[in-house]
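Below is one structure, written out as structure tokens; comments come after it.
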């Protein structure tokens, strides 16, 4: 892992063939890198290598195939702030793949973990990446599909994150996400108008 870190991190284009985008990292290597995120002794190096590899689109496909999305989400609470920030950056890149976005939406802990990360990170970048992942989750949620968390709770967490140190890109993403969450809270005009009236409340 340390050898990979020293060869790829200073020169991320080495993760692909001569700076091109045609050769993907072998799945056995990426599986090993992803697995090291769960080992505290080398998680810091693994987060650096994973992010460097995910700069290549082909490597993102491989990373999704070997389960990187789930491992990153599951590992975030055990990573230190710097490693968690890099892992979130890699996760945001993985969400640019259709299969990666689908996996993060299907992960039961993705939303709670993004909310938790936004609350404990002082740096602006980590918040930015977490907000971007939440935008992928709620922006691609199908109408009528159960949501991982109530939109109003997520909106409160996003607004708190935006009140602190946050990058300009994070603020733009946050504003977009708040609009998405607001739309989730609106009644669907296509629903049947003849719904049963709610029972009167006893005051």
At R0 = 22 Å the Cβ-Cβ FRET efficiency linking residue 122 and residue 152, nearest 0.05, sits at 0.30
For labels at residue 98 and residue 171 in the simple 7 Å Cα→Cβ model, what's the distance in nm?
3.6 nm
Whether the range 1-94 is rounded, prolate or oblate, judged on the alpha carbon gyration tensor where a/c under 1.5 counts as rounded:
prolate
Using Cβ contacts closer than 10 Å as the measure, can you line up 131, 180, 137 from fewest to most?
180, 137, 131
Listed with the fewest Cβ neighbours within 10 Å leading, 129, 2 appear as 2, 129
Label-point separation (nm) for residue 77 and residue 27, each offset 7 Å from Cα along Cα-to-Cβ?
3.0 nm
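No value in this document is a laboratory result; all are computed from the given coordinates. What you are looking at is a predicted structure, and each value in this text was computed from that prediction instead of being measured. With ideal geometry, Cβ positions are generated from the backbone for all residues, glycine too; neighbour counts draw on all protein chains shown.
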